[in-house]
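Reading through the structure tokens given below for one structure.
The values are calculated or read from the model by the stated rules, or taken from the named source; none is laboratory data. From a predicted model like this one, the values you see are computed outputs, not experimental measurements. When we count neighbours, we look across all protein chains shown, and the Cβ atoms used for this are built from the backbone with ideal geometry, even at glycine.
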Amino acid sequence: MKSGRIFWGMLFLSIGILGALYTIFDISLCWNSLWKLWPLLLVFLGLSIFLKDSKSKWIVVAGIGLLAGVILFSSVQKGCSSVDRIIEDHGDAGDIDVIDQTLRIEYDSSTTRAAFTFEGGAGRFEITDTTADFVRADIHSSFSPYTLERNDFGEMPHFLLGMEDGSVTWNGEKIKNHVMMHLHPEPAWDIDIDAGAARINLDLRPFIVRNLSLETGATSMEVRLGSRADTTCVRVETGASTLTLHVPENVGCEVKLESALSKRSLKGFEKSSSGVYRSPNFSDAEKHIFISIESGLSTLRIDRYDSGEW
């Protein structure tokens, strides 16, 4: 047997076992200490070069694969557990220079469709309320000032909210980067959120959402979808994350999943013969939501709520 096959086998085996222990039994290990063992990989790798006996070499290579899997998994876990600590948005700001802004663009009642794009790094990002403006953003940031631009091309206006400085550096254990976004409830919206290590809360029930795209890194996301649009398409691409989606019961919903290691809970959904998940009323519903999720190490929850309660 080739040593390469032993290494990759032990690597994936260790990651799989640790992922199962974490996602199924919620077992927590001391990740902060484990990821610091990476120098041992170099020691064992050098030792394997000197070994001539095949059996001894296989044992060392297997140990390298096992250790690499543990370190890789613990590094991902360390990054995930650090998200909330890094983007904490309460307490004394100390000596941090914080910028407070309110950006807005006036509403044009002749517009029936619009697109909104948000580009942010690490922080806390929310859409939780409507506005009489087309778009309004309330910003509390120690990173950089933000800009809000409108571009009129094609058949609808495009609004872009993002930081002035595209290459922001951060020093210290905490940052301030809280962005509250507000949209007008009348146009049909295409919404695109692009963020890094973030905590994201989107309550989209008041809006007509045609398309929603979420591209994130290590995040904690909660998204509430509404039923104002006849058809809503949701696309999620995320790394290590915790994702909770709420969809209304009166809308037929289809979910397609592509994930490496994930703990998933889809309440009120049935798995079809094609491998997708659908709500029981999918065929008969007048309105539909189509959800596509690609994720790495993640915890995923999708549930259905009574739209009459909102």
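Could you please find all residues in the range 127-161 being among the acidic types (Asp, Glu) and loosely packed, with under 15 Cβ neighbours inside 10 Å? Spell out how you get there, then give the answer.
To start, the set of residues in the range 127-161 that are among the acidic types (Asp, Glu) comprises 129, 133, 138, 149, 152, 155.
Passing the criteria: Asp129, Glu149, Asp152, Glu155.
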message: If I ask for residues that are touching a Phe, Trp or Tyr at 6+ places or on another chain (Cβ under 9 Å) and more than 20 Å from Arg210 (Cα to Cα), which ones from the range 273-298 would you list?
response: Tyr277, Pro280, Leu297
Residue check, Glu270 in contact with a Lys or Arg (Cβ under 9 Å, 6 or more places away or on another chain), surrounded by fewer than 20 Cβ atoms within 10 Å (Cβ to Cβ) and in the same structural domain as Pro187 (by TED's automatic domain parsing): yes
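Does Gly252 qualify as being touching a His at 6+ places or on another chain (Cβ under 7 Å), over 21 Å from Glu119 (Cα atoms), of a type in the set (Gly, Ala, Ser) and in the same structural domain as Pro185 (by TED's automatic domain parsing)? Steps first, answer last, please.
Values: touching a His at 6+ places or on another chain (Cβ under 7 Å): yes; over 21 Å from Glu119 (Cα atoms): yes; of a type in the set (Gly, Ala, Ser): yes; in the same structural domain as Pro185 (by TED's automatic domain parsing): yes.
So Gly252 fits the description; yes.
Looking at the range 105-116, can you tell me whether even one residue there is under 21 Å from the mean Cα position of the chain (by Cα) and at pLDDT 95 or above? Please lay out each step first, then the result.
So in the range 105-116, the residues under 21 Å from the mean Cα position of the chain (by Cα) come out as 115-116.
Filter again for at pLDDT 95 or above, leaving 115-116.
Yes, that holds for at least one residue.
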task: Report, by residue number, each residue of the range 179-219 that is assigned to a strand (DSSP E or B), modelled with pLDDT under 95 and surrounded by fewer than 21 Cβ atoms within 10 Å (Cβ to Cβ).
output: Asp194, Glu215
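Taking the range 264-310 on its own, how many of its residues are touching a Gly at 6+ places or on another chain (Cβ under 9 Å) and not β-branched (Val, Ile, Thr)?
Here is the first cut: in the range 264-310, the residues touching a Gly at 6+ places or on another chain (Cβ under 9 Å) are 278-289, 295-298, 302-304, 307, 310.
In the following step, the residues that additionally are not β-branched (Val, Ile, Thr) were identified as 278-288, 295-298, 303-304, 307, 310.
Selection size over the range 264-310: 19.
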statement: Taking the range 103-141 and keeping residues over 21 Å from Leu212 (Cα atoms) and either of a type in the set (Lys, Arg) or outside the structural domain of Asp165 (by TED's automatic domain parsing) (or both) leaves Arg104
query: Within the set of pairs 6 or more residues apart or between chains, which connect a residue that is assigned by TED's automatic domain parsing to the domain that holds Glu254 inside the range 227-241 to a residue that is of a type in the set (Asp, Glu) with Cβ atoms less than 6 Å apart?
result: Glu237/Glu215; Glu237/Glu294
- prompt: Pairs under 8 Å by beta carbon, first residue farther than 14 Å from Ala198 by Cα and in the same structural domain as Phe116 (by TED's automatic domain parsing) in the range 212-224, partner among the hydroxyl-bearing types (Ser, Thr, Tyr) and modelled with pLDDT of 95 or more, six or more apart or different chains?
  reply: Leu212/Thr232
- request: Scan the range 266-306 residue by residue and report those that are at pLDDT 90 or above and among the basic types (Lys, Arg).
  value: Arg278, Lys287, Arg301, Arg304
query: Can you tell me which of Glu258, Glu222 is under 30 Å from Arg278 (Cβ atoms), in contact with an Asp or Glu (Cβ under 7 Å, 6 or more places away or on another chain) and assigned to a strand (DSSP E or B)?
result: Glu258
